[in-house]
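See below for the structure under consideration.
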Amino acid sequence: MGEHEIKPVRVVVLGGGTAGWMSAAGIAALLPGLATVDLVESEDIGIVGVGEATLPHIRGYVERLGIDEAAFMKATHATYKLGIDFRDFGSIGTSYIHPFGSFGESVAGLGFHHYWLELARQGLAGPIGDYSLAVAAAQANRFTPPLHDSSLASTYGYAYQFDATLFGPFMRDHGVKLGVTRHEGLVTAVERDVENGNVTALLLSDGRRLDGDLFIDCSGFRSLLLGQELEEDWEDWSQWLPCDRAAVMPCSHKKGMPLKPYTTASAMPAGWRWEIPLQHRMGNGYVFSSRFLDEDAACAEIEANACGEPLADPRILRFRTGRRRRSWSHNVIGVGLSSGFLEPLESTSIYLAQMAITYLIELFPTDGGIDARDRDEFNRLVDMEYDRVRDFLILHYHATTRDDSEFWNHVRTMKVPDSLAAKMDLWRRTGRVEKYADGLFYDASWIAVYLGQGWVPETHDSRAAIPPPEQIKRALDRLREAITQQVLAMPDHRQFLESEAARLAEAA
Amino acid sequence: MTEPREALRRIVIAGAGQLGVLAAIALKRALPSAEVVVLGIPIDPGALADRAATALPFTNRLHDRLGIDELALVAKAGASHRLITRYVGWGGPGQQAAVPYSTGTEPAMASRFAREWGGGRQGASMVASPTSPAQALAEAGRFAVIPPGEAGPLAEIDYALRWNPQAYRDLLIAIAQQLGVSYLPGNLLGVEPDGHGGIASVSLTGTEPIAADLFVDCSGPSAALLSTLPDFETLDWSNNLPVRKLILSRPGRPLVALEDRVTLLPEGWRYELAGRDGLQVTLGIAPGAAEEVALRALGAPPLIAFDLEPGRCIDPWIGNVLALGDASARFEPVAALNLDLAHRQLDLLIEMLPGRRIEPLERIEYNRRASLMMDAVRDTLALHYIAPAAAVQFGPIALSDDVERLRDQYERRGRTIFREEAPFSNSVMTNLLIALGFCPGVPPQEKTQNTQAAVSALNAKVQSALAFAPQYTSWLEGVLANLARA
C-alpha cells in the first residue's frame, strides 16, 4: 500500500497488420497495469503483410512476450532461417550467403578475413562461406538450434520465415488474450486538441469514438495520423534505393525439393526477386523500380521465374523508401510503414517495427504527459536504426560491376551517402570495417556483402602474411573440416521441423 | 587482387613509462619482424597513466592477450585485487555505496533496489539495498582468482588489479627485452618533419637521428612528439572538469583490502588506493579550497602536487604519430580511468595497426573511435561533479548533451543509455550512478519478476560465494609461497 494510484495511459493503435498487433500485444504484455490498449482495424482494408522473412531479433520479442516458439512456428507455418542467399548481385553468375553468423575467428586480435584474404590471394582458400557454420548448414539444407557456449556450435543464430498474413492474426489472438480491445471499423475523422495539437480521439464510421492519450499509427503507407493528420515531413531516400514496387505471387512447393533454411534474393534487371520457403508454400516476389520496369512486365517476370506452381495471380504492392523526419510527433508514434520504409532486401521491416516498440516501451510516458526529452530520445534511436540499415542496403546495389541494364547502371554509378562512401573507401583501401556496437549489421555482415559481391579490398593487414601460408591453410582446413562434421551431424531442415511438430503435438 | 600491406619496419615509442613499455610489448608481439625502439626521454611527473598504480578489468584481458601473467604481477609487482570501489558521501552526508565490476543482478533490478531500499539522497536513513556478491566478498575479505574457464560461484566476479608501478614497469621491461625491444635513453633534442604532416626522425642527446615508420607518443601531458606537428590541436575540458590541482601522498601502511574508496570532502575528493606496498591517497582539490586545508584533508604526508589542465587532442593520430595516455588526454584519476583509457587506445591501435604507408582513412577511423573513448571518459568524470552532494564544492560545470541526457533519463526513468566506446558497461554505469547518489526514476516496465525473488537469488549467490571463497590474505600468502617454491 501507500503507492499512488497509477492512472493507465490510454493507448489507441490504428491498424491491425503486423506492426499494429505487434505493438498492441507488446504494450499489453510488457506494461501491464500502465496502459489500456484499444486497436482499431478494418477488414475492408487489406494488410501489406510485409516481412515474410525476419532477423534473429524477432526471437527476443517472441520470448519476451512469453510465446512458445513451437506453437508460434506452427501457427505461422514458419521455417528456420540461417541467412540470405544473394545471387547475381556483384555480377551475373556469382552468389554468396549473408549468414546469421561469423566467419572463422580472430587470431591474435586480427580479424579472420585478413588471413582468408592472404590465403585466397595465394589460391589456397575456399570461398569464405566454407568457414562459416551458418553458411555450410544452409547450403546443406540442415538445421539445429545453436548452443549457448563458446564452441563452434554457438557461432550462428537463426530467424524465421513465416506467413506474414498469419503472423498478424497470431499476435491478435495473443494480444486479445492479454487484454487488448479490438474494434472493427473505419476511421473517418481525427480529433485534435486545439491548444497543443495532440490527437485526442479517433472517430469511426459507425459513430463510435476512441479517446486516447497516446496513438500508435500502424496504418501502413497511408500514415493516417503521422503523415496525413500531423503532416510530419517525409525524407525521401529513393535516389539511393530506387525500388518502389513489388510483384508478389505465392506458389506451391515443388515436389521433392528440399526445404531451404534460408531466403534467396536473386538480382533481376530492374531490382531483385525473393524466394521464401514456408512450411506450406513458397513466397515469391519481384522488388523493382517503376522507373525502369512497368508493373505488367514485372508480373510477367515473376510468373516466368517464380519457384513452384502459382497459387494466385501476381499482385502489385507500391511503396516508397524513406522515413518521416520524426517517428514520434505530438502524442503519435509511427510504428512500421507509417513511419518509414526500407525495402525488404535484408528482411529489416519487422526488425524496425520491433525496435520502435522496444524503444517506446522503454520511454513510455507514465506520469501524466509526454516529456519532449523522451520523444527526442525515441526519435534519436529510431533514426540511428534507419541510418544503419539504409547504408547497408545501398551497399548491395552499389558494390557491383553489373552494367547489363539501366537499373544496374544507375545504382552502380549513383552518388551514395557520405557515411557509406567513407565506409566503402576504408574497406577498399585497408580491408577494415567501420565499427559500431549499437544498431544493426556488424562486421561479419559487411564482410559477407563486400566479399560476396567481389568487392575485394586492395590491401589487407600485413600481419596476415606473417605466419607461413601452410600454417594458415592447415588452420583453415581444420576449421572447414570441423564445420563439415558439425553440419553432417545436423538433421535435415524439414526433418527437424517435423520432429519439432511431433514433439509439440505430444506435449499438447 | 588484394595484397598484404607492407609491414611497419621500425616503430619508435617515445616515453619509457609503464605505458610506453607495454605499448612496445604489444607492438612487438603484433609485428615480431619490426624493430621496436623505446626512447627513454624524461616523462612529466604529471603523466597519470604512467603513475597509475591501478587500472580496470579491461587491462587484465589485455595482459592476458600479451602473455603477461597475472600471478607474475602478484609475485613480482606487488599486485592485489579490487572487487569494489566504495563511494562515500557523494549523495549526501552518511551516504555510501559500492561499485562492483560484476553485480550479480540486472541493471534495472539494481536501480530498483536502490530506489526501494536506499541509495540516493535519502540513503542514509534507509535500510541498505541488497548486497552484490562482489561487495559481500570485499566486506568479508574473501576472494580467490579462479583459473579461466572454471565454473563456480567466483567465476562471475570481475576485478581490477593494483600494483607497484615501479615494479610493474621493471617486469614489463624484462618482457620487452626478451622480445627484442630496444631502448635508447636520452633527452629529446628535436624532430625532423617528413613533409607529409608527420615525423621523419627524432634526435636524442648522444645518438644519430632515429627514423621510423610510426611514432607512438607516450611522453605524458607534454605530448613531446605529437605537439610538434603543425596539425596538432587540443580541446580544452576545463569547463567540463573542475579540478585543477592534485596532491598525492607518500605510501602509508600496507593494506591488503578488496576495496578502494573515494570520499567526497568539503575540500574536494579523496581517493584511497589500498595495496601491499601501502595505502596511497590522492586528493583532487575543489576550486576555491585552500591548499593547506587540502593538505590536512589528504590525511597523509604529501609526496607530490601538480597542476592539471584537463583536455584532449582533437586528433590523437596525426601523420605517422599517434599519442597514447596523457599525451592524448589529461584528466583526474578519480575513477581509475587513466591507464584504462590508455590501454583501450593501445588495443585499438593494435586492432587497426597500419602498414608502412598509413592510409588517411584508417587514421580518421582510429581518431573517430579514440575520440568517442575520450569523450565518454570526460562524461563519466563529469557525472562525479554533478552528483547531488558534489555540486556544492565543485560548482557548475558545462555538460555535454550525452551527460544531460543520461542524467535526465536516469533520474526520471531509471534508464541508462548505451554509448559506443564507453569505459563502463550499462551495468557498471548503473552502479556508479547509484553510488554517486543519483536517485533512479521508475522505469515504466518494472521487471515482471518480483523484487523478493531477485533478492533471494542475489542472496543465494552471495552465500555460495562467501562459502566458497577463502580468506583473501591466506589465498594471497598461499600463492606467494607457491611462487617462491617454483
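The values are calculated or read from the model by the stated rules, or taken from the named source; none is laboratory data. Just so it is clear, the model here is predicted, and its values are computed rather than measured. All Cβ positions, glycine included, derive from the backbone under ideal geometry; neighbour counts span all protein chains shown.
Numbers below:
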{"quantity": "From B:204, B:225, residue being surrounded by fewer than 21 Cβ atoms within 10 Å (Cβ to Cβ), within 29 Å of residue B:52 (Cα to Cα), in contact (Cβ under 8 Å) with a residue 12 or more places away in the chain and out of contact with any His (no Cβ under 6 Å at 6 or more places or on another chain)", "calculated": "B:204"}
{"quantity": "Conditions (1) crowded, with 22+ Cβ neighbours inside 10 Å; (2) closer than 20 Å to residue A:99 by Cβ; (3) aliphatic (A, V, I, L, M); number of the one not met by residue A:464", "calculated": "(2)"}
{"quantity": "Lone unmet requirement of (1) within 26 Å of the chain's Cα centre (by Cα); (2) in contact (Cβ under 8 Å) with a residue 40 or more places away in the chain for residue A:116", "calculated": "(1)"}
{"quantity": "Residues located in segment B:356-383, provided they are touching a strand residue (DSSP E or B) at 6+ places or on another chain (Cβ under 7 Å) and farther than 17 Å from residue B:311 by Cα", "calculated": "B:363, B:366"}
{"quantity": "Residue A:134 being surrounded by 15 or more Cβ atoms within 10 Å (Cβ to Cβ), in the same structural domain as residue A:457 (by TED's automatic domain parsing) and among the small types (Gly, Ala, Ser)", "calculated": "yes"}
{"quantity": "Residue tally, condition part of a loop (DSSP other than H, G, I, E, B) and over 25 Å from residue B:162 (Cβ atoms), over segment B:204-258", "calculated": "22"}
{"quantity": "All positions within segment A:90-112 that are surrounded by 19 or more Cβ atoms within 10 Å (Cβ to Cβ) and either under 14 Å from residue A:465 (Cβ atoms) or β-branched (Val, Ile, Thr) (or both)", "calculated": "A:97, A:110"}
{"quantity": "Test: residue in segment A:164-177 that is at pLDDT below 95, touching a Pro at 6+ places or on another chain (Cβ under 9 Å) and surrounded by 16 or more Cβ atoms within 10 Å (Cβ to Cβ)", "calculated": "no"}
{"quantity": "Residue within segment B:71-90 that is small (Gly, Ala, Ser), modelled with pLDDT under 95 and closer than 27 Å to residue B:373 by Cα present", "calculated": "no"}
{"quantity": "Selection within segment B:387-409 - touching a residue at least 40 places away in the same chain (Cβ under 8 Å) and under 28 Å from residue A:440 (Cβ atoms)", "calculated": "B:400"}
{"quantity": "The one condition in (1) farther than 27 Å from residue A:159 by Cα; (2) within 23 Å of the chain's Cα centre (by Cα) that residue A:196 fails to fulfil", "calculated": "(2)"}
{"quantity": "Single residue of segment B:22-51 satisfying the filter (in a strand (DSSP E or B) and within 30 Å of residue B:308 (Cβ to Cβ)) that is farthest from the other protein chains (Cβ to nearest Cβ)", "calculated": "B:40"}
{"quantity": "Elements of type helices (runs of 4 or more DSSP H) contained in segment A:432-508, each with 2 or more residues being without any contact (Cβ under 8 Å) to a residue 40 or more places away in the chain, closer than 22 Å to residue A:108 by Cβ and out of contact with any helix residue (DSSP H, G or I) (no Cβ under 7 Å at 6 or more places or on another chain)", "calculated": "A:469-488"}
{"quantity": "Residues of segment B:214-260 satisfying the condition of being closer than 27 Å to residue B:435 by Cα and hydroxyl-bearing (Ser, Thr, Tyr)", "calculated": "B:238, B:249"}
{"quantity": "Selection status of residue B:336, modelled with pLDDT under 95, surrounded by 22 or more Cβ atoms within 10 Å (Cβ to Cβ) and more than 14 Å from every other protein chain (Cβ to nearest Cβ)", "calculated": "no"}
{"quantity": "Of residues in segment A:137-163 being assigned to a helix (DSSP H, G or I) and surrounded by fewer than 23 Cβ atoms within 10 Å (Cβ to Cβ), the one farthest from the chain's Cα centre (by Cα)", "calculated": "A:152"}
{"quantity": "Positions within segment B:419-435 being more than 27 Å from residue A:370 (Cα to Cα) and outside any helix (DSSP H, G or I), in sequence order", "calculated": "B:420, B:421, B:422, B:423, B:424, B:425"}
{"quantity": "Subset tally (residues that are of a type outside the set (A, V, I, L, M) and within 15 Å of the chain's Cα centre (by Cα)) for segment B:148-165", "calculated": "5"}
{"quantity": "Close pairs from segment B:1-21: first within 12 Å of chain A (Cβ to nearest Cβ) and outside any helix (DSSP H, G or I), partner surrounded by 24 or more Cβ atoms within 10 Å (Cβ to Cβ) and among the aliphatic types (A, V, I, L, M), Cβ under 7 Å, at least 6 apart", "calculated": "B:2/A:117; B:4/A:464; B:8/B:214"}
{"quantity": "Of all residues making up segment A:432-461, the number that are more than 9 Å from chain B (Cβ to nearest Cβ) and buried (at least 16 other Cβ atoms within 10 Å of the Cβ)", "calculated": "16"}
{"quantity": "Segment B:202-225 - residue that is hydroxyl-bearing (Ser, Thr, Tyr) and within 29 Å of the chain's Cα centre (by Cα) and, of those, nearest to residue B:185 (Cα to Cα)", "calculated": "B:219"}
{"quantity": "Within segment B:258-308, tally of residues that are under 18 Å from residue B:96 (Cα atoms) and either surrounded by fewer than 20 Cβ atoms within 10 Å (Cβ to Cβ) or touching a Pro at 6+ places or on another chain (Cβ under 6 Å) (or both)", "calculated": "3"}
{"quantity": "Residues located in segment A:400-431, provided they are within 14 Å of chain B (Cβ to nearest Cβ), free of Cβ contacts under 8 Å to residues at least 12 places away in the same chain and either touching a Leu at 6+ places or on another chain (Cβ under 7 Å) or not in a helix (DSSP H, G or I) (or both)", "calculated": "A:425, A:426"}
{"quantity": "Odd one out for residue B:416 among (1) of a type in the set (Ser, Thr, Tyr); (2) within 14 Å of another protein chain (Cβ to nearest Cβ); (3) assigned to a helix (DSSP H, G or I)", "calculated": "(3)"}
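Residue-wise test of (1) modelled with pLDDT of 95 or more; (2) within 23 Å of residue A:355 (Cβ to Cβ); (3) in contact with a strand residue (DSSP E or B) (Cβ under 6 Å, 6 or more places away or on another chain).
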{"residue": "A:36", "(1), (2), (3)": "yes, no, yes"}
{"residue": "A:54", "(1), (2), (3)": "no, yes, yes"}
{"residue": "A:77", "(1), (2), (3)": "no, no, no"}
{"residue": "A:80", "(1), (2), (3)": "yes, yes, no"}
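Results for (1) within 14 Å of another protein chain (Cβ to nearest Cβ); (2) farther than 25 Å from residue A:53 by Cβ; (3) buried (at least 17 other Cβ atoms within 10 Å of the Cβ), shown as yes or no for each residue.
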| site | (1), (2), (3) |
| --- | --- |
| A:296 | no, yes, no |
| A:316 | no, no, no |
| A:329 | no, yes, yes |
| A:342 | no, no, yes |
| A:376 | yes, yes, no |
